[in-house]
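*Asks:* One structure is given below, represented as structure tokens, and several questions about it will come after.
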Amino acid sequence: MDVPVRRLKQRVRALAVFCLAIAVPVTQGMACSTVAFPAQTAPLLSYNFDFAETGAGYLILNPAKIRRQSVLEAAPAKWVARFGSITVNQIGPGMPTAGMNSAGLVVTLMWNEAAVYGGPQAAPALSELEFIQYLLDTSGSVEEALASLDRIRIEGLVPIHYFLFDGTGEAAVVTPTADGLSVNTGAGLPVPALTNNGYELSFDHLGQYRGFGGDMPIPERQRSDEDNSLDRFAIAANATRFARKGITSTEAFGVLNRLSNPETRWQLVFEPLAQVINLRVPQMANTYVFDLAGQDFACKGQPVAADLRDLPADLNLETLQPLDPDQLAGSLVEVFMSMRQTAHLGQREIAGGIAAGLIAAASCTPE
């Protein structure tokens, strides 16, 4: 790594982690939903990303066999990527919202006000978004991902929890708590879905509905108010109950439509065994299909990406372009300026520094 790049990373690291930690409203700004369909020959996972203020974001190809380091200054985690991955990122490279790697591991995030960051302080640290990249880089299955949790710790401010899934149909929910990372999997995850409440609270609430021990009808659609996470969990749980014999990606998008709202920005259906990601942006007519099987995840120098607000109709992984620092800076300005809490960071110079640092941190030297 040359000296100017190293200095650039050092200069923006503290500012970047500060911005990334507060670039989400203090209210429930990410009313996202995940629902998995594991009990079939071709397991699927479907995901809605909901964000009130802006649809800014990127589809990013993340290479294998590159070295990464957290943006955190104190005891940053360091690792080498075993797997390549495709992710959707609101902030920029290395900071995914959701994605799948070349081994078929899928990780998604959802807002959860009850999440807190704590636990033993001895392990190397990474941010709450870097955690997703770390898992996709280093783990080929849910089992491997869960086995790696004691090797790192998350230092975060944005309260989120995570859903993990792979081609065997194995699933897990990982929730930051004061004592460390809590895991629901196997018998502790009877319904493979997650919205914006803690898993136990959501599952207990589900018991009042028909088919799950209660008498209330499953909601046809979520309520329009912000406190609709439990509605969405019930709708998702019911969908998994009736899809045990199999579901297509088109039908999975139908489930996502029932869980969507006017703030839904991206919809994704992951097919881990086929190594396929299906993407819809509600404002666009196309369904984009990205085949990871046989994809070249070698280092390409600068990160390659596509703007999720301006996807060409013929987009494929081979046509992704190097991520332009000015374009990413403009995106960050939009994200920061859309919220009162981060408006002071919306100056072009500040956003430009963050964008340059993120791109430099995710860049590599082609062989």
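*Asks:* Using each residue's phi in the range 320-327, evaluate 6.51 cos²θ - 1.76 cosθ + 1.60 at θ = phi - 60° and report the 3J(HN,Hα) Karplus result to the nearest Hz, with x for Gly and Pro.
*Replies:* 4, 10, x, 6, 7, x, 5, 5
*Asks:* Using only alpha-carbon positions, what ratio does the radius of gyration of the range 284-330 give when scaled by 2.2 N^0.38 Å?
*Replies:* On the way: Rg = 11.9 Å, N = 47, 2.2 N^0.38 = 9.5 Å.
Taking N as the residue count of the range 284-330, the ratio is 1.25.
*Asks:* Which trypsin sites (Lys or Arg not before Pro) in the range 200-264 sit in a loop by DSSP (not H, G, I, E or B) and have at most 13 other Cβ atoms within 10 Å of their own Cβ?
*Replies:* Numbers: sites: ARG210, ARG221, ARG223, ARG232, ARG241, ARG244, LYS245, ARG258; in loops: ARG210, ARG221, ARG223, ARG244, LYS245.
Listed in order of number, the matching sites are ARG210, ARG223, ARG244, LYS245.
*Asks:* Related question: Could you please state how large a percent of the accessible area of the chain is carbon and sulfur, counting protein chains only and using a 1.4 Å probe? Please list the in-between numbers first.
*Replies:* Values: 7760 of 14780 Å².
Percent of accessible area from carbon and sulfur atoms in the chain: 53.
*Asks:* Eigenvalues of the Cα gyration tensor times 5, then square-rooted: what semi-axes does that give for the range 131-195, in whole angstrom, largest first?
*Replies:* On the way: eigenvalues 65, 45, 22 Å².
In descending order the semi-axes read 18, 15, 10 Å.
*Asks:* So what's the back-of-envelope 222 nm ellipticity for the chain, counting only DSSP H runs of four-plus at -39500 (n - 2.57) apiece and dividing by all residues, rounded to 500? Let's see the in-between values first.
*Replies:* Working: 8 runs with 95 residues, N = 367.
-8000 deg cm²/dmol, from helical runs alone.
*Asks:* Just the ratio, please: alpha-carbon radius of gyration of the range 81-210 over 2.2 N^0.38 Å, N its number of residues. Can you show the working numbers first?
*Replies:* Values: Rg = 14.2 Å, N = 130, 2.2 N^0.38 = 14.0 Å.
The range 81-210 yields a ratio of 1.01.
*Asks:* Return the Rg/Rh value of the range 26-138, two decimal places, where both radii are evaluated on C-alpha atoms and Rh is the Kirkwood radius.
*Replies:* On the way: Rg = 14.9 Å, Rh = 15.3 Å.
Ratio value, two decimals: 0.97.
*Asks:* Can you give me the angle between helix 3-22 and the longest principal axis of the chain, using Cα atoms only, in degrees from 0 to 90, rounded to the nearest 10?
*Replies:* 30
*Asks:* Then there's this: How far is helix 229-241 tilted, in degrees, relative to the longest principal axis of the Cα atoms in the chain, given as a value from 0 to 90 rounded to the nearest 10?
*Replies:* The angle comes out at about 70 degrees.
*Asks:* Once every Cα of the range 87-164 carries one equal point scatterer and solvent is ignored, give the base-10 log of I(q)/I(0) from the Debye formula at q = 0.13, 0.15 Å⁻¹, two decimals.
*Replies:* At q = 0.13, 0.15 Å⁻¹ the computed log10 ratios are -0.36, -0.48.
*Asks:* Please give me the summed charge of the neighbours of ALA172: other residues whose Cβ is under 10 Å from its Cβ, Lys and Arg +1, Asp and Glu -1. If you can, show how the numbers build up before the last one.
*Replies:* Numbers: positive: none; negative: GLU143, ASP166, GLU170.
Neighbourhood net charge equals -3.
*Asks:* Follow-up question, since we're still on this one. Between beta-carbons, use under 11 Å as the cut-off and find the net charge around PRO43, counting Lys and Arg +1, Asp and Glu -1.
*Replies:* Numbers: positive: none; negative: ASP166, GLU170, GLU271.
With Lys, Arg at +1 and Asp, Glu at -1, the neighbours total -3.
*Asks:* Please pull out the direction-averaged projected area of the range 138-237, using the convex hull of its alpha-carbon atoms, in nm² to one decimal place. Write out the running numbers ahead of the final one.
*Replies:* Values: hull surface 31.1 nm².
Taking a quarter of the hull surface, the average projection is 7.8 nm².
*Asks:* Okay, moving on. What is the pair-distance distribution P(r) of the range 290-367, computed from all Cα-Cα distances in 5 Å bins starting at 0, with each bin given as a whole percent?
*Replies:* Percent of pairs per bin, in order: 3, 14, 20, 19, 18, 12, 8, 4, 1.
*Asks:* Of PHE270, GLY211, ALA103, which is farthest on the positive side of the dipole of the chain, counting Cα position, with +1 on Lys and Arg Cβ, -1 on Asp and Glu Cβ, and the Cα centre as origin?
*Replies:* Farthest towards the positive pole: ALA103.
*Asks:* Next question, about the same structure. Compute the acute angle (0 to 90°) between the alpha-carbon long axis of helix 348-362 and the principal axis of greatest extent of the alpha-carbon atoms of the chain; round to the nearest 10°.
*Replies:* 80
*Asks:* Also, I was wondering about something else. So how strong a dipole does the chain carry about its Cα centre when Lys and Arg Cβ are +1 and Asp and Glu Cβ are -1, to the nearest 20 debye? Don't skip to the answer; put the middle values down first.
*Replies:* On the way: 26 positive and 37 negative charges, 93 e Å.
That gives a dipole near 440 debye.
The values are calculated or read from the model by the stated rules, or taken from the named source; none is laboratory data. Predicted model only: the values in this text are computed from it and were never measured. Ideal geometry is used to build each Cβ from the backbone, glycine not excepted, and the neighbour counts take in all protein chains shown. Please note that ligands, DNA and RNA were not included when accessible areas were found on the heavy atoms of the full protein model with its side chains. Shrake-Rupley method; radii C 1.70, N 1.55, O 1.52, S 1.80 Å.
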